[in-house]
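Take a look at the structure set out below.
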Amino acid sequence: MNKEKKCADGVSGTKITKALKAGGCTQLIRASYKDSKDKIIGTIGVANLKTTTAAKKVASAGGGKERQDYLKPLPGTDDITKFLGTGDAYAGGWIHGHYTVLLWFQFKDGHNPSKTELKRLYQAALDITEKTVFPALDTRSLTGGHG
């Protein structure tokens, strides 16, 4: 896990950098994951913005087929997640209140995923986020504490 000194340090691209700054980003945390079969690896980032509108702008920055704006993958120290960032990936973002959840998910071998494989990457990102990030953000928004 890595907490960035500046939100812009955890992303790549002009649009997303501007959206984070304009949205008053106060914190960006990135963590990397792997699936149980060591085939799919990914980085999830959570950015804390001032408003839901700002979070939406960050999530949608630079979308499209050839994404130019994305969360920087965070290579891990183990033999699997060290490959993060060495290939083609599913990159995107969701919002959760005034937070933007940014994603970078790829296959360990870095191959360009087919449409079916992109769905697998998306599902892996969703599954991990639903088990880790969303419960923590729900706790934080309900109690003000850390989940």
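Every read-out reported here was derived from the displayed coordinates using simple, explicitly stated rules and does not represent laboratory data. For clarity, every value in this text was computed on a predicted model and none was experimentally measured. Because the Cβ atoms are built from the backbone with ideal geometry, glycine has one as well, and the counts that use them run over all protein chains shown.
A compact table of results
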{"item": "Residues (under 20 Å from Q123 (Cα atoms) and under 15 Å from the mean Cα position of the chain (by Cα)) located in the stretch 48-87", "result": "A59, S60, G63, R67, Y70, L71, K72, P73, L74, T81, L84, G85"}
{"item": "Filtered residues of the stretch 1-54 (kept if more than 24 Å from P135 (Cβ to Cβ) and among the small types (G, A, S))", "result": "A8, S12, G13, A19, A22, G24"}
